Amino acid sequence: MSSLPIRILGIDPGLRRTGWGAIEVVGSAVHFLGSGTVFSDGDDDLAPRLCQLYDGLKVVLDRIAPHEAAVEQTFVNRDAGATLKLGHARGIALLVPAQAGISVGEYAPNAVKKAIVGAGHGDKQQIRMMVKVLLPKATFESDDAADALAIALCHAHHRTSPLAVAAGKRKRGVDPAALHPRIAAALAKAR
């Protein structure tokens, strides 16, 4: 098993608030690096708001210098306008790391919840609790930042799956089975 550190930036896109969370994986150990929220001004038009998200995520990316990134996929709801706006924010969340040459994993909200909580329909409180169990030193100012850490943890788990390895998406660092026992142990502990 390799012990090269891998920094992963998780991004929970939103037009008003985009959460970010950074972790470092060394072997089977996962360490909290930071988290926060990038805001856009709700009084501005769409284009300036997207620029605000872009600039904010660029600052985070430059500071964290991740090896990989992960972004939550868009949840489609009944409000088509809101879904389209979220899609714009998600586009920025995909663009910033891609421009830096960083691979980006994409995960459905239910996949993130299942990887962290053990069920695809966990609520915000369960996500926050499990992020604290998996990353005891983690601090987060918002649900968006906690969700972004959950996305990063989900990516850390799934990036080493046999399918990811077979597809050539595994870059370096973690043994394919390294994180699963840790997540299983944390789930058992929380029950």
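First obtain the Kirkwood hydrodynamic radius of segment 40-170 from its Cα pairs, then insert it into the Stokes-Einstein equation at 37 °C and 0.692 mPa s, and state the resulting D in µm² per second as a whole number. Let's see the in-between values first.
Working: Rh = 15.9 Å.
For these conditions, the coefficient is 207 µm²/s.
Phi-derived couplings, Karplus 6.51 cos²θ - 1.76 cosθ + 1.60 at θ = phi - 60°, listed residue by residue for segment 29-39: 8, 10, 10, 6, 10, x, 7, x, 9, 9, 10 Hz, with x used for Gly and Pro.
For the pair segment 135-152 / segment 72-120, the C-alpha centres are spaced 16 Å from each other.
Suppose every K and R has +1 on its Cβ and every D and E has -1 on its Cβ; what is the size of the dipole of segment 75-159 about the Cα centre, in Debye to the nearest 20?
Values: 10 positive and 7 negative charges, 36 e Å.
It works out to roughly 180 debye.
Here r is the Cβ-Cβ distance between Ala82 and Ser103 and R0 is 25 Å; the resulting FRET efficiency, rounded to 0.05, is 0.30.
Spacing of the modelled spin labels on Asp43 and Asp62, each 7 Å from Cα toward Cβ, amounts to 2.7 nm. In this simple spin-label approximation, His31 and Gln125 carry label points 7 Å from Cα along the Cα→Cβ vector, and these lie 3.4 nm apart. For Ala70, nonlocal amide neighbours, meaning residues 5 or more places apart or on other chains whose placed amide H falls under 5 Å from its own, are Leu9, Gly10, Ile11, Gly105. What is the spin-label model distance, in nm, from Leu95 to Thr139 if the labels are put 7 Å beyond Cα along the C-beta direction? Result: 3.2 nm between the two label points.
Here, each number is a calculation from the coordinates, and none is a lab measurement. Because the structure is predicted, anything quoted here is derived from the model rather than measured. Note that each Cβ is placed from the backbone with ideal geometry, even for glycine, and that neighbours are counted across all protein chains shown.
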